[in-house]
1. So, in the chain, how many Lys pairs have Cα atoms under 30 Å apart, if the pair is 8 or more places apart or on different chains?
2. Under a plain spin-label model, where a point goes 7 Å from the Cα along Cα-to-Cβ, how far apart in nm are CYS77 and VAL22?
3. Per 10 Å bin from zero, what fraction in whole % of the C-alpha pairs of the chain is there, up to the bin with the longest pair?
4. Based on the mean of other Cβ atoms within 10 Å per residue, sort peptides 28-38, 119-129, 86-96 so the most packed one is first.
5. MET1 versus THR169, label points 7 Å from Cα toward the beta carbon: distance in nm?
6. Report the Cα-based extents of the stretch 1-98 along its three principal axes, largest first, to the nearest Å.
7. Using only the Cα atoms of the stretch 83-189, what do you get for the radius of gyration and for Dmax, in Å?
Amino acid sequence: MLLNREKSLMLMVDFQAGLVPVIDGGAQAVEEAAWMGRVAETLDVPVWVTEQYPEKLGGTATNLLGALQDYRLWKKCHFGIMAETEFGEVLRETGRTQIVLCGTEAHICVLQTGLGLLAAGYEVYWLTEATASRRMEEAQLARQRACQAGAVAVSADMVAYEWLHRCDTPTFKQVHQEFLKPRSARPLRFF
């Protein structure tokens, strides 16, 4: 079950300015999501971003939105975005069936979104280093629960290389030079 960039969609859940500072590893999660979002955009994988009650929690972190150039923003009231009727309809119309999922808080909005996607028949790939909660233990428990329900835990490098599929193309050379090569020396923290 490999990821295919033509079937994939990147979904970033609630990386909001008022929430990220209280998240354990929140800054790193945003940085990882931004990196993955730039790779997705380069490979023509749609990037969607959600915001939960932005009037209270603030909009999406500016450093995340600043890294992205082409994304669709969804505002929501439900913790799980699949409960928002329009979202499910528009997602279905894209024909994309593989959802790379990340965000905050892992045990609330990301988990409920992931479970909703799984129930609707989508393949869910839980982007581990870009999914966090206020307490690391809750993020770990959320990932465990999502995976027991059928999601697949992945790292950003796994996703990038599966989307690239091969190393002898100009696209690989571009992505490798711009994103993968500089990344190889960075330590990562998995939540």
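We did not get these values from a lab; they are worked out from the coordinates using the rules stated. On a predicted model such as this, the values are computed, not experimentally measured, just so you know. Counting neighbours? That spans all protein chains shown, and the Cβs are built from the backbone with ideal geometry, glycine included.
1. Number of lysine pairs found: 7.
2. 2.3 nm
3. Once binned at 10 Å, the Cα pair distances of the chain give 10, 40, 38, 11, 1.
4. 28-38, 119-129, 86-96
5. Spacing of the two 7 Å Cα→Cβ label points: 2.3 nm.
6. 34, 29, 25
7. Radius of gyration, then largest Cα-Cα span, for the stretch 83-189: 15.5, 43 Å.
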